[in-house]
Amino acid sequence: MDHDRIIVELAKLGKDFGFEIWIGEQERRRNRALERHATMNTLKIEANEIVYDRLKNVDVIWWRPNCVFLIEVENTTNPRMGILRMANIMETKELRAELITVIPDSKLNTLKRCYEEPAVRKLLRGQIVRYLTYSTLMSNIDYINELDDFISLCDKVT
């Protein structure tokens, strides 16, 4: 299962749940085919310039008024990068959002170790972060009909 396929599936789910979809600028530059799955060309999130620049690089954002999900999809990179990007965004206190990391099964232990690092825990300060493995997402994709179904598949780290 590859990174871009997971992004496409997450974009489809978000649309099904009634969200507008942002796909990160880096992802769009790397694979132009991802653009057709985004419904936003400009982020509708108001934030200072630093936060806005970080948000533009989040892999997938599900947006609707008063409900935002920041989703990082990791594949070959260390999950720490996505976690730190999301933690730094949340540090500004300008945005309330749900944070989700989607990872290959083989990276689950790396992700858990990262969440245990004191610096990461300090950055997250009790923020609920959810994670989901590729296999869990894909084996349940046909049964996810509502946002609550998706959230119930995710494990939590606090």
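Coordinate-derived values only; no laboratory data. Here the structure is a predicted model, which means the values were calculated and not measured.
If you sort the three axes of the alpha carbon gyration tensor as a ≥ b ≥ c, you get a/c of 1.5 or more for segment 1-64 and a/b no higher than b/c, which makes it oblate.
Normalised by the number of residues in segment 3-157, what is the relative contact order in percent for Cα pairs under 8 Å and 6+ residues apart? Contact order relative to length: 19 percent.
Most simply put, the chain has about 55% antiparallel DSSP beta bridges, counting only bridges with both residues inside it. One entry in (i) 60; (ii) 55; (iii) 76 is percent of Cα pairs over 18 Å apart calculated from the shown coordinates; its label is (ii).
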